[in-house]
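Below is a structure I'd like to ask you about.
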Amino acid sequence: MHITFLTPEYPHSKVLHSAGIGTSIKNLVAALVKKDIKVSVVVYGQSEDTIIQEDSVEIHLVKKRKYKWATWYFYRKYLQDYLNALIVKNKADLVEAPDWTGITAFMNLKAPLVIRFHGSDTYFCHLENRKQKRKNFWFEKLAIQKAKAFIAPTAFAGTLTQQLFKIRNKTIATIHYGLEVEKFRNDNAIHEEKGLLLYIGTVIRKKGVLELPDIMKRVIAKMPEAKLILIGGDSYDAATGTQSTWQLMQELMDDNVKNSIEYLGKVPYQEVRDYIQKAQVCVFPTFAETLGMVTIESMAMKKAVVNSNIGWAQELIIDGESGYLVHPGEHETFSAKISDLLEDDQLRQRIGLKAEERVCTVFNIDTIVEQNIAFYQKTIAK
């Protein structure tokens with residue numbers, strides 16, 4: 001079996017951008033290769049055209065192209081032709097693509113298409129109660145119609161996407177993102193820094209970062225030594241037109257809070273693990289997500305997590321056992337859970353152990369890869 005992935009991101013030094021989606025794909029790709037499944041990865045929207053060979057995986061970087069008009073159409077058709085040539089060359093059995101922007105909207109591929117619901121613009125606009133551009137919905141709707149089957153990382157994401165696009169008579173399987181748990185073993189709590197909190201992710205409104213200044217104000221009122229580190233790229237804020245969400249965050253901080261929050265920007269992926277190890281508590285107050293790779297990674301390293309309680313998160317964490325689930329807007333409760341974990345070493349360690357256990361049981365890539373292979377085989381056979 002040969003699977004081709006089409007993606008806008010993938011963890012590699014030559015790729016312009018990669019975050020949770022890229023990590024989830026790479027984890028799956030590595031696991032598929034171990035099962036003797038052949039894999040090609042096509043990363044679109046890049047700065048150059050090049051082919052990279054990495055651990056028996058062929059990674060194709062496809063340069064972003066502009067046309068005199070209708071770039072949104074002609075670039076998709078260019079990718080279609082590129083994919084079809086690759087499908088024929090490699091005798092690929094299936095193409096997997098993301099739902100975001102409906103990248104496969106106008107494509108007629110020579111292999112069955114599976115779309116994984118990493119999170120469409122339609123999905124995120126719904127969760128954020130934000131108006132969507134009609135063309136974006138149209139692109140994503142057309143892409144959905146082209147697909148033979150779908151994978152959702154959580155039942156919540158699958159059900160909501162099915163409702164939003166009125167998907168009927170097509171298979172939607174729930175298969176969680178998987179993690180190479182051995183790479184996130186943490187058997188040394190000595191490196192923890194007292195009072196250190198960690199947020200990892202894009203600094204953007206939908207991730208709940210604008211809730212953090214008030215949450216931190218309440219935390220440091222109880223524990224003045226508490227400190228929050230933010231890791232991730234800054235982002236434009238669509239609601240206000242502000243170029244920097246970090247700037248918006250700073251405007252919400254008094255002097256005490258400013259001294260307690262440090263923003264590091266983007267950090268190389270291999271260094272993120274070191275920051276997770278140092279943290280005592282990881283916080284993810286997001287309003288819009290499909291699953292959340294960084295949450296799983298933190299849990300795998302025995303970290304107590306205070307996470308959003310919206311939809312998908314209830315499939316991630318058992319509240320009060322393997323972490324805490326709190327609505328991002330409930331600042332008093334969110335801060336109280338953080339304070340409880342910082343103050344009580346035994347509670348924090350107990351929840352951290354349960355978090356690791358849950359990841360090993362539910363999100364281990366060794367199990368997840370088998371579910372993906374079975375789904376691919378079933379889809380190809382239809």
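Going residue by residue through the stretch 328-350, is there one that turns out to be under 19 Å from the mean Cα position of the chain (by Cα), farther than 18 Å from ALA226 by Cα and not aromatic (Phe, Trp, Tyr)?
Checking the stretch 328-350: at least one residue is under 19 Å from the mean Cα position of the chain (by Cα), farther than 18 Å from ALA226 by Cα and not aromatic (Phe, Trp, Tyr).
Additional query: For ALA111, only one of the following conditions fails: (1) closer than 20 Å to PHE5 by Cβ; (2) not in a loop (DSSP other than H, G, I, E, B). What is its number?
If we test ALA111 against (1) closer than 20 Å to PHE5 by Cβ; (2) not in a loop (DSSP other than H, G, I, E, B), just (2) comes out false.
Report, by residue number, each residue of the stretch 126-149 that is in contact with a helix residue (DSSP H, G or I) (Cβ under 7 Å, 6 or more places away or on another chain), touching a residue at least 24 places away in the same chain (Cβ under 8 Å) and within 28 Å of THR295 (Cβ to Cβ).
Passing the criteria: HIS126, GLU128, ASN136, GLU140, ALA143, ILE144, ALA149.
Could you list, in sequence order, all residues of the stretch 321-344 that are among the polar types (S, T, N, Q) and under 15 Å from ASN307 (Cβ atoms)?
SER322, THR333, SER335
Then there's this: Hey, does the stretch 303-310 have a residue that's free of Cβ contacts under 8 Å to residues at least 24 places away in the same chain and among the hydrophobic types (A, V, I, L, M, F, W, C)?
Checked the stretch 303-310: no residue is free of Cβ contacts under 8 Å to residues at least 24 places away in the same chain and among the hydrophobic types (A, V, I, L, M, F, W, C).
List pairs: first in the stretch 337-358 and closer than 12 Å to GLU192 by Cβ and outside the structural domain of HIS191 (by TED's automatic domain parsing), second among the charged types (D, E, K, R) and loosely packed, with under 14 Cβ neighbours inside 10 Å, Cβ under 7 Å, 6+ apart or cross-chain?
Listed by first residue and then by second, the contacts come to nothing, as the list is empty.
Let me ask another. Among the residues of the stretch 35-54 satisfying the criterion of being part of a strand (DSSP E or B) and of a type in the set (Ser, Thr, Tyr), which is surrounded by the fewest Cβ atoms within 10 Å (Cβ to Cβ)?
The residue in question is THR50.
Would you check which residues across the stretch 285-312 are within 21 Å of ARG116 (Cβ to Cβ) and not charged (D, E, K, R) and list them?
Hits for the stretch 285-312 are THR286, ALA288, THR290, LEU291, GLY292, MET293, VAL294, THR295, ILE296, ILE310, GLY311, TRP312.
Can you name every residue in the stretch 179-214 that is surrounded by fewer than 17 Cβ atoms within 10 Å (Cβ to Cβ) and aromatic (Phe, Trp, Tyr)?
Hits for the stretch 179-214: nothing passes.
For the subset of the stretch 13-25 comprising residues that are over 16 Å from the mean Cα position of the chain (by Cα) and not β-branched (Val, Ile, Thr), which member is modelled with the highest pLDDT?
LYS14
Let me ask you something else. Test ALA300 against the criterion of being surrounded by fewer than 16 Cβ atoms within 10 Å (Cβ to Cβ) and either touching a Cys at 6+ places or on another chain (Cβ under 6 Å) or modelled with pLDDT of 95 or more (or both), and give yes or no.
No; evaluated as a whole, the condition is false for this residue.
Quick test for you: out of PHE139, PHE106, PHE117, pick the one residue that is out of contact with any Asp or Glu (no Cβ under 6 Å at 6 or more places or on another chain) and either buried (at least 21 other Cβ atoms within 10 Å of the Cβ) or among the basic types (Lys, Arg) (or both).
Just a single option satisfies the conditions, and that option is PHE139.
Can I ask one more? Considering only residues of the stretch 1-34 that are hydrophobic (A, V, I, L, M, F, W, C) and part of a loop (DSSP other than H, G, I, E, B), which is surrounded by the most Cβ atoms within 10 Å (Cβ to Cβ)?
Going through the qualifying residues, I end up with VAL15.
The values are calculated or read from the model by the stated rules, or taken from the named source; none is laboratory data. Please read all numbers here as calculations on a predicted model, not as lab measurements. Don't worry about glycine lacking a Cβ; one is built from the backbone with ideal geometry, like all the others, and counts go over all protein chains shown.
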